[in-house]
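One structure is given here, and the rest of the page talks about it.
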Amino acid sequence: MLSLMRKKAGSWMIKVTIFVIAVVFVFWGFNISEKDKSKIASVNGDLISLDEYNRAYDDLKEQVSQRFGNRLNDEMIENLGLRKQALNQLVEHKLMIQEAKKLNFRVTDEELGIAIRNIEAFKIAGVFDSRRYNDILNRVRLTPETFEVQQKEDMLIRKLRAFIAENVKVSEQEAREWFNYEDASVDIDFVLFASGRYKNIKPSDEEIKIYFQEHKESYKTEPKLKVRYLYFNPDTYVSKVAIDEDELFDYYETNRKEFHTPKTVEARHILLKVDQDASAGDAEKANKMALEIMKMARNGEDFSELAKKYSEGPTRFKGGFLGSFKKGDMVKPFSDKAFSMKPGEISEPVRTRFGWHIIKIEKINEENTLTFDEAEPKITEKLSAQKANSLAYDEADAVYEASFDRDDLEAIADTRGLKLHTTDFFTQKDPIKGVKNGSKFTSAAFNLSLMEISDIQDMEDGYYIIQVIEKIDEKIPELKDVREKVKAGLVEEKQDEKASKDANAFLDSLKAGGSMETESGKYDLKAETTGFFKRNGSIPNIGSERELAGAAFLLSNKKKLPDDVIKGKKGYYVIRFKKKKNPLIVEFAMKKKDLTQKLLQQKKFKTFNEWLAQLKSKSDISVEDGFL
């Protein structure tokens, strides 16, 4: 399969591959020439070359620049420790590959071929495109063989991760403890010393001048760009697409499942939960209750209201409505019964591993397969879109190739009769109007140097080639140009200081035994109550304040006041404990499955990282003296 892929495919660019394919391949280097084999580290005897390190470091730096743009400088690189990060990830990669090989993990050619064909970056209109695959690898000077090695190693590491974490379990007790922590609620009183309430602040000219000198970096103007670009819209190529009858029929025959709609039913149900290992007595008790509810439903009582009242399943708030489902979507006993019923019919209780179900069928949608004539318009539209997309990409690719010989996008556009677009100046915060993914366009532009021509950019509505034609660098303005802004900043700082001072004095008075209601009146403020809220939820009458919520959950009847005031978005809060309550058991039963799955993923991640740290501690890892 891979040899066939190589004949039909070829190459792409790692820039695109790195960021579109989830940054998996950045830390590998291959095909190292003799002159590049200088050793900078070794892992259990396996060398890490300078070439490998440079690849990893450059790619890591490029990832970070996607977030910070032109703000990324040497100081930030140093503070982020990118050099050490790159080396560390190379070491971990070597260790994981070594362990995967020790455990005899393999990736077959068939697995590898499927994985590559499923990479979105190599698809056009959802279908793997060999020319695009070719183009991408070519532009980053990667051969298919090298790329396959990278992909294979990534798959080996995934298998290793799965193996290390396969025995990780989450007990019901763990899930319950986490649930009690996450879903507990607290009720507090609070007084807000809002910064904005301090109005009579009039800083002097000298204060404004000093404040500007101390904070002038924060008043820097943002860098701006002006670009020109070519837009290759697939819609404009549809008229050039020709599709014959044989192509349409071949697609229909090859993709028959696409035109088949299986039988589905729409149903409601009432669930009375019974554990799989429940005693016969408990199961029978629940069955009797289910029979009583069934009788009520069959005697004309509203099924959805009965579900809201009696069901213990998560759909009870929707009247037990399950929506439309295929036979294989539900557990077998439930599905077998539902698909044997008629619309309006109400079943006797059906036992599954979840408990007893009473089912009501709302609607039956019979299976259906479109004929070729019925499917033809849909197929024509799909194939036309795919071919138009390919034509648009081919045109963009031809222009990009021409840009290697000429660095003027305007001249290339004139030669090929293409419309050239030019933007106004824009900053990194300005999405380009008229582009579907305007933020991505802006980000791509700010990663170019002056007069540099980008590679092909997919912005979801077609392909773009961008050239930066003017650049205005950031600069610190004169005070006179930003005086009002500086003054406003100074006023805000002084308001904040006053709010903090009053809030701390107020808290001290409460700690000395004062009444919140009485003491708050001295500041013309009134104590308010939040009502119950959860640890990670929005706080009633306040909003989202994570630090405040965290402080509230540290309080109790024994300690009603916090040690310090809490700074929030509007000012400073002083809080007092009222009540706390734990969640109900029935709520845990509803959330148990999702919560357990979330904890399991966290625990697997932690287990693997601990295993990797232990492996590193036992391994022979050396770094050349003075390298970092």
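Val274 meets the conditions (1) in contact with a helix residue (DSSP H, G or I) (Cβ under 7 Å, 6 or more places away or on another chain); (2) modelled with pLDDT of 95 or more; (3) over 30 Å from Thr369 (Cβ atoms) in every case but one. The failed one is (2).
Return the residues of the stretch 130-156 that are more than 18 Å from Met96 (Cα to Cα) and of a type in the set (Val, Ile, Thr); say none if nothing qualifies. Within the stretch 130-156, Ile136, Val140, Thr143, Thr146 qualify. Under the condition of being in a loop (DSSP other than H, G, I, E, B) and in contact (Cβ under 8 Å) with a residue 12 or more places away in the chain, the residues counted in the stretch 538-573 number 16. Residues that are farther than 15 Å from Gln614 by Cα and either of a type in the set (S, T, N, Q) or surrounded by 17 or more Cβ atoms within 10 Å (Cβ to Cβ) (or both) within the stretch 90-112 comprise Leu90, Ile97, Ala100, Asn104, Phe105, Val107, Thr108, Leu112, listed in sequence order. I'd like to check something: does the stretch 368-380 contain any residue that is within 35 Å of the chain's Cα centre (by Cα), aromatic (Phe, Trp, Tyr) and not in a strand (DSSP E or B)? Among the residues of the stretch 368-380, not one is within 35 Å of the chain's Cα centre (by Cα), aromatic (Phe, Trp, Tyr) and not in a strand (DSSP E or B), which makes the answer no. If you go through the stretch 606-618 and keep only what is in contact (Cβ under 8 Å) with a residue 12 or more places away in the chain and either loosely packed, with under 15 Cβ neighbours inside 10 Å or farther than 14 Å from Glu92 by Cβ (or both), you end up with Thr607, Lys616.
On the stretch given as the stretch 604-628, residues that are polar (S, T, N, Q) and assigned to a loop (DSSP other than H, G, I, E, B) total 1. From the list Gln457, Gln428, the one residue that fits, being surrounded by 15 or more Cβ atoms within 10 Å (Cβ to Cβ) and at pLDDT below 90, is Gln428. Restricting attention to the stretch 460-479, the residues being surrounded by fewer than 19 Cβ atoms within 10 Å (Cβ to Cβ), touching a residue at least 40 places away in the same chain (Cβ under 8 Å) and not in a strand (DSSP E or B) number 7.
A quick yes/no check of all residues on (1) surrounded by 14 or more Cβ atoms within 10 Å (Cβ to Cβ); (2) under 25 Å from Glu395 (Cα atoms):
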site: Leu225; (1), (2): yes, no
site: Val238; (1), (2): yes, yes
site: Val241; (1), (2): yes, yes
site: Asp250; (1), (2): no, no
site: Glu253; (1), (2): no, no
site: Val265; (1), (2): yes, no
site: His269; (1), (2): yes, no
site: Ala278; (1), (2): yes, no
site: Asp282; (1), (2): no, no
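Close contacts from the stretch 341-355, counting a first residue that is under 16 Å from Glu366 (Cβ atoms) and a second that is of a type in the set (Phe, Trp, Tyr) and surrounded by fewer than 17 Cβ atoms within 10 Å (Cβ to Cβ), with Cβ to Cβ under 8 Å and a gap of 6+ residues or different chains, come to none at all.
Total residues in the stretch 290-312 satisfying the condition of being assigned to a helix (DSSP H, G or I), closer than 15 Å to Trp356 by Cβ and in contact with a helix residue (DSSP H, G or I) (Cβ under 8 Å, 6 or more places away or on another chain): the figure is 6. Within this structure, Phe404 fails the test of being among the aromatic types (Phe, Trp, Tyr) and either touching a Lys or Arg at 6+ places or on another chain (Cβ under 6 Å) or closer than 30 Å to Lys257 by Cα (or both). Within the stretch 174-193, if we keep just the residues that are touching a Leu at 6+ places or on another chain (Cβ under 9 Å) and at pLDDT 95 or above, the residue that is farthest from Lys592 (Cα to Cα) turns out to be Phe193. Looking only at the stretch 66-102, residues that are in contact with a Phe, Trp or Tyr (Cβ under 9 Å, 6 or more places away or on another chain) and over 30 Å from Phe163 (Cβ atoms) come to 6 in all.
Listed here are the residues, each with its yes/no results for (1) within 30 Å of Leu230 (Cα to Cα); (2) modelled with pLDDT under 95; (3) outside any helix (DSSP H, G or I).
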residue	(1), (2), (3)
Pro314	no, yes, yes
Lys360	no, no, yes
Lys382	yes, yes, no
Ala385	yes, yes, no
Ser390	yes, yes, no
Asp394	yes, yes, no
Glu410	yes, yes, no
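If I filter the stretch 525-537 for residues that are free of Cβ contacts under 8 Å to residues at least 60 places away in the same chain and more than 30 Å from Glu206 (Cα to Cα), do I get at least one hit? Taking every residue of the stretch 525-537 in turn, at least one turns out to be free of Cβ contacts under 8 Å to residues at least 60 places away in the same chain and more than 30 Å from Glu206 (Cα to Cα). Candidates in the stretch 366-419 are the residues that are among the aromatic types (Phe, Trp, Tyr) and more than 20 Å from Lys123 (Cα to Cα); of these, the one that is surrounded by the most Cβ atoms within 10 Å (Cβ to Cβ) is Phe372. Looking only at the stretch 286-331, residues that are without any contact (Cβ under 8 Å) to a residue 40 or more places away in the chain and among the β-branched types (Val, Ile, Thr) come to 1 in all.
The values are calculated or read from the model by the stated rules, or taken from the named source; none is laboratory data. Here the structure is a predicted model, which is why all the values come from computation and not from measurement. Positions of Cβ are generated from backbone atoms using ideal geometry, with glycine treated the same way; all protein chains shown enter the neighbour counts.
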